[in-house]
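Read the figures in this text as sums done on the coordinates, not as results from a lab. Model, not experiment: these values are computed from the prediction. We place every Cβ from the backbone using ideal geometry, glycine too, and count neighbours over all the protein chains shown.
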Amino acid sequence: MIDSPDWHEDAECAKPENAEYANNFFANKPSQQNSAKKLCDMCPVRKDCAQWALNNKQIWGVWGGLDYKELRRTLSVNWQGQEMRHKRFPLCPYCKAKTDSLDTKTVDRPEGGRSTMKVVYCNECRFIWQSRTSANAVEAFKAIQEKKQRNDKK
Ligand code: SF4
Ligand SMILES: [Zn+2]
């Protein structure tokens, strides 16, 4: 069981007046998922929520305005949480910037120690998330772009 994070007290979905929408967050119907995402759009903690969901590998339901397909694509995992490349390149999960606005870097792990991890970051909104496979996909995208540019110059 994961403890409720601090920002949850400001969550739009936790307000009693929105209790009727609670089931939409884990519904299969796209119309219900969209209704949940609309609530996220008005939520003051959407960025914290999306960050928390990605950090904690939440791949079911709607979190931070992202449905389960978007969460899995951002993390480059399948429905079982196993890393895999998706057909489309990742977008920024927060501002939806396209792949050419994304970059990668290697940072120290938050838990400390000597090990590092690869993250993807968005140059538009500064959102950062960890996914080695997504980082590899972003790097592959950049390599394709650079090759195209070189060929165009020839
Ligand atoms: S962003 Fe959406 S799921 Fe997250 S706390 Fe806000 S309303 Fe709830
Ligand atoms: Zn962004």
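Here is how the numbers come out for the structure above:
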item	result
Contour excess over end-to-end distance, with Cα ends at MET84 and ASP152 and 0.36 nm allotted per residue	21.3 nm
Neighbour-limited loop hits for GluC sites (Glu not before Pro), region 76-154 (at most 12 other Cβ within 10 Å; DSSP other than H, G, I, E, B)	GLU111
Region 1-42 versus region 102-132: alpha-carbon centroid distance in Å	27
ASN55-THR106 FRET efficiency (beta carbon distance; Förster radius 22 Å; 0.05 resolution)	0.80
Rounded, prolate or oblate (a/c below 1.5 giving rounded, otherwise prolate when a/b exceeds b/c) for region 9-71 by Cα gyration tensor	oblate
Quotient of Cα Rg and 2.2 N^0.38 Å for the chain, N being how many residues it contains	1.14
Theoretical ellipticity at 222 nm over the chain - DSSP helices of four or more residues, -39500 (n - 2.57) apiece, nearest 500	-10500 deg cm²/dmol
Listed residues PHE141, TYR94, THR106: farthest to the positive end of the dipole of region 28-154 (Cβ charges)	PHE141
Degrees, to the nearest 10: 30-41 long Cα axis against longest axis of the chain	90
Region 79-136: Rg to Rh, with Rh as the Kirkwood radius over Cα pairs	0.99
Those Cys residues of the chain for which no other cysteine Cβ falls under 4.7 Å	CYS13, CYS40, CYS43, CYS49
